[in-house]
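Colleague: Let me begin by handing over the structure; questions about it come next.
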Amino acid sequence: MTDATMFIFFGLLGLVIGSFGNVLLYRIQHGESFGGRSHCPACRKTIAWFDLIPVLSFLLLHGKCRHCLKKISIQYPLVELGSAMLFLIALYLNLQKPGMALLQAIALESLFLGAVYDAFHEELPDLFTWPIVLIGGMLIGIRGDAISSIQGALVPLCWFGGQWLISRGKIVGSGDIFLGTALGWWLGLKGSLIMLFTSYVVGAAIILLLLALRIISLKQKRIPFGPFLAIGGLIALLGVGGNLMWFVR
């Protein structure tokens, strides 16, 4: 299989996985089972297979349900496109190792879905974090760097866990602790430090921008941190900002 074919395959696979991810996001939010056919949230009518083609169906339907003509959330195509992009990134980082690329793609997808859910609902379901833990363990076995991974997990565990104990859960939630620890386990010590540092930098920049645009206010009780952790984790995986942690051997 040529490199171009691999990129096409991973891109299409990412779109399909992203479409399934949208189903998970909706059904977890509404407490529905994962089985059964997809349906319109407004009119509850079953959606035909030809209306479930990632991105394309949204465009052909002009963003509306075929039956009730209610608008379909822009979240659906954006999640599908975001998933495809992450699958392509994973392949780019592991072009000669498609198996490794697929594992990282699934871990990135879980991270992405957890971040999206947290952004909208201020909650990080463990369902999206456990795959990162399991795949991180598999990658550790392949890389053979268990000590670095354990150290990487301990850093965010102690950092967020300490904040949780001091504030009695008011500053950070248990989901942030679990996700941060899982990312540290996956990325290793240096990656964990980069992830933490960049997540706070990115978070501060985004919060200042949202305040300037008056999308949020200073009275906001809680701002989900999961999306910032996800961005920091991706930055660490890409190796960006590694020179900031020159003191970690």
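Colleague: Can you find, within segment 52-94, the residue that is surrounded by the fewest Cβ atoms within 10 Å (Cβ to Cβ) among those that are assigned to a loop (DSSP other than H, G, I, E, B) and among the basic types (Lys, Arg)? Show your work before the answer.
Modeller: Going residue by residue through segment 52-94, those that are assigned to a loop (DSSP other than H, G, I, E, B) are 52-55, 61-63, 65-70, 72-74, 94.
Imposing the further condition that a residue be among the basic types (Lys, Arg) reduces the set to 66, 70.
On the way: 66: 16, 70: 12.
Of everything passing the filter in segment 52-94, 70 is surrounded by the fewest Cβ atoms within 10 Å (Cβ to Cβ).
Colleague: Could you please give the count of residues in segment 163-177 that are assigned to a helix (DSSP H, G or I), out of contact with any Phe, Trp or Tyr (no Cβ under 9 Å at 6 or more places or on another chain) and either open to solvent by 40 Å² or more (accessible area, probe 1.4 Å) or among the hydrophobic types (A, V, I, L, M, F, W, C) (or both)?
Modeller: Matching residues across segment 163-177 total 3.
Colleague: Would you point out the residue of segment 95-144, among those that are open to solvent by less than 60 Å² (accessible area, probe 1.4 Å) and of a type in the set (Val, Ile, Thr), that is nearest to residue 228 (Cα to Cα)?
Modeller: 116
Colleague: Separate question: Could you give every pair whose Cβ atoms fall below 6 Å, whose first residue belongs to segment 192-215 and is under 10 Å from residue 228 (Cβ atoms), and whose second residue is open to solvent by less than 50 Å² (accessible area, probe 1.4 Å) and among the acidic types (Asp, Glu), counting only separations of at least 6 or pairs across chains?
Modeller: Pairs that qualify, where the first residue is under 10 Å from residue 228 (Cβ atoms) and the partner is open to solvent by less than 50 Å² (accessible area, probe 1.4 Å) and among the acidic types (Asp, Glu): there are none.
Colleague: I'm trying to understand the selection: among the residues of segment 4-29, which are open to solvent by 80 Å² or more (accessible area, probe 1.4 Å) and either under 17 Å from residue 74 (Cα atoms) or in contact (Cβ under 8 Å) with a residue 24 or more places away in the chain (or both)?
Modeller: Once the filter is applied, which keeps residues that are open to solvent by 80 Å² or more (accessible area, probe 1.4 Å) and either under 17 Å from residue 74 (Cα atoms) or in contact (Cβ under 8 Å) with a residue 24 or more places away in the chain (or both), segment 4-29 yields 12, 16, 20, 29.
Colleague: Is it true that some residue in segment 39-48 is more than 17 Å from residue 106 (Cα to Cα), touching an Asp or Glu at 6+ places or on another chain (Cβ under 7 Å) and open to solvent by less than 60 Å² (accessible area, probe 1.4 Å)?
Modeller: Within segment 39-48, not a single residue is more than 17 Å from residue 106 (Cα to Cα), touching an Asp or Glu at 6+ places or on another chain (Cβ under 7 Å) and open to solvent by less than 60 Å² (accessible area, probe 1.4 Å).
The values are calculated or read from the model by the stated rules, or taken from the named source; none is laboratory data. Here the structure is a predicted model, which is why all the values come from computation and not from measurement. Virtual Cβ from ideal backbone geometry, glycine too; neighbours counted across all protein chains shown. Note: areas computed on protein heavy atoms with side chains; ligands, DNA, RNA excluded. Shrake-Rupley method; radii C 1.70, N 1.55, O 1.52, S 1.80 Å.
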